[in-house]
Every structure is written in structure tokens, then in C-alpha cells.
1. Working carefully through the options I134, I140, find the one that is exposed (fewer than 15 other Cβ atoms within 10 Å of the Cβ) and among the β-branched types (V, I, T).
2. For segment 84-92, does any single residue satisfy the condition of being small (G, A, S), surrounded by fewer than 19 Cβ atoms within 10 Å (Cβ to Cβ) and at pLDDT 95 or above?
3. Right, F201: of a type in the set (F, W, Y) and modelled with pLDDT under 95 or not?
4. Within segment 163-181, how many residues turn out to be more than 20 Å from the chain's Cα centre (by Cα) and either polar (S, T, N, Q) or open to solvent by 40 Å² or more (accessible area, probe 1.4 Å) (or both)?
5. Inside segment 1-81, counting only strands (runs of 3 or more DSSP E) that do not spill past its ends, which hold 3 or more residues that are within 21 Å of L150 (Cα to Cα), at pLDDT 90 or above and not β-branched (V, I, T)?
6. Can you tell me how many residues in segment 93-114 are open to solvent by 10 Å² or more (accessible area, probe 1.4 Å) and either over 30 Å from R184 (Cα atoms) or in contact with a Pro (Cβ under 6 Å, 6 or more places away or on another chain) (or both)?
7. Identify, please: which residue in segment 144-162 is out of contact with any Ser or Thr (no Cβ under 6 Å at 6 or more places or on another chain) and open to solvent by less than 60 Å² (accessible area, probe 1.4 Å) and is, among those, farthest from S130 (Cα to Cα)?
8. Which count do you get for residues in segment 118-131 that are more than 18 Å from S47 (Cα to Cα), crowded, with 21+ Cβ neighbours inside 10 Å and aliphatic (A, V, I, L, M)?
Amino acid sequence: MEGENTFKQWKKQSLNRLDLSKKGSIDRDVANIVSFINSSEHHFTTSSCSGRIILIDGVSDRTDVQKQNCSWLFVTHEKCKKDDVVAALQKSSGDAVFKFEPCVLHVQCRQLEDAQLLHSVAINSGFRNSGVTIGKKGKIIMAVRSTHCLEVPLSHKGQVLVSEEYIDFLVGVANSKMDENLKRIERCLIECVFLSLVYGFMVLHFYTLYCQKYSLIWLHTRMNLSDIQFLIRRV
């Protein structure tokens, strides 16, 4: 009972906390997912990003990369255009780096079993870099992460190192990664997390066993009652 009350207190404090991100609000493409998770008694989100394409300008001749030492020349949570990146690159005075960063969700879970089930769903849906950590105070955090990142240097000491043709190529690669990123969000967090919240964790448990038993990377289905009964019988 004490642990349950502590989790509820953590959740209340987290959800009432001000959004201190640069944007100051939840990204559109994960807004519904975050709402679903936060409506669960077993989970709540502590941070989220739907994925982004950014151009940052770092201090030249530094071996460490720290956000406080970088200026953000360009950022979008959607697909971008070459002309926008080229225009932003002209503002570089240091070492500009073009990056694609996929969706990240940090979810605090009530029990380890809750985190393990969510982890299975994330892995099966393409978020292969997901993991679970347990803090000193007993906080169980499930991180939903992917591996299809992109990071390419474009300038050094303010001097552009690549052609516009190459920038156009990089933008195409980043936009393709963004498309795949949004597909993974839909697969994992709409089809699977939504399933766990609506139909309960017993069904998700059978879903996980089914994927493990038949070596499925992704089970794409909009489940109704007959689908759930079939799934349980197969396991």
C-alpha cells in the first residue's frame, strides 16, 4: 500500500510539473499517446519527444558535446526542406552538425512487470534501443528508444564543408527516417500501448508470449473480442 501511494504521489507531482523543454509543450505526433499512457494506473510519462531534425552549432575544437555549449540553428519535429537547412547553416560560426533524432519516451511504471511488458511491445515494434532502469528510490523507468539516428558534420569553424547537393541528399535521408519514425510510433504506441490500456495487461501478456513463441517482430492487428480470444487460444 505504501509503494502504491508513493507511485501515485510521484505521478501527481510529475504531471503537475511545468514543461521545461525548449518547445514548452508535448509534440503533436505523441500527444495522444502520452495522454493514453498518463490515463493508466500503471504508468505515466516523465518526458517525451516525437522525433526531430536539428542543426546545431557547437564550439570548435571541443571533444565533448554538451547542449549548453551549442546553439540551435534549426529544429523541426516534422520533415524539412533543403532550403531551410541551407539558410540556417549560413548562421554557423562553429562546428555545425545536422542530426535526426528518433522518438523518445520515458515512462515511469508502477511495477517491474509493467515495465517489462511495455519493453516487449517497444522492442517488437522496432524500438530496439529501449530499456528499463531502476533508481535508488525505487523508481522504475522504461525508456522507449530507437536506433535509426543520423548525425553528420556540415561545417568547421563556420566554414561549410559540403555542397548543397549533399545537403539535399541528407535532407532526403532524414525525411525518410522521420517517416519510419512515425510508423514505429503508430505500431508501438497506438496498436500496442493503447491495447494494453484498453483491454488490460493480461491481454498484453498473451500478446507478448505470442510474439515470443512465433518469433514475430511485429503483430499488426486492430483487435476486437474475437481476435483476443484467438490470441489466448494460440498461446
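1. Among I134, I140, only I134 is exposed (fewer than 15 other Cβ atoms within 10 Å of the Cβ) and among the β-branched types (V, I, T).
2. Looking for residues that are small (G, A, S), surrounded by fewer than 19 Cβ atoms within 10 Å (Cβ to Cβ) and at pLDDT 95 or above, one finds at least one in segment 84-92, hence yes.
3. Details: of a type in the set (F, W, Y): yes; modelled with pLDDT under 95: yes.
When the stated conditions are applied, F201 passes them.
4. So the answer is 6.
5. Ranges flagged: 52-58, 71-76.
6. Residues in segment 93-114 being open to solvent by 10 Å² or more (accessible area, probe 1.4 Å) and either over 30 Å from R184 (Cα atoms) or in contact with a Pro (Cβ under 6 Å, 6 or more places away or on another chain) (or both): 3 in total.
7. V160
8. Residues meeting the conditions: 1.
The values are calculated or read from the model by the stated rules, or taken from the named source; none is laboratory data. Predicted, not measured: the structure shown is a model, and the values here were computed from it. Here the Cβ is made from the backbone with ideal geometry for all residues, glycine too, and neighbour counts use every protein chain on show. Note: accessible area is taken over every heavy atom of the protein model, side chains too, but ligands, DNA and RNA are not part of it. Shrake-Rupley method; radii C 1.70, N 1.55, O 1.52, S 1.80 Å.
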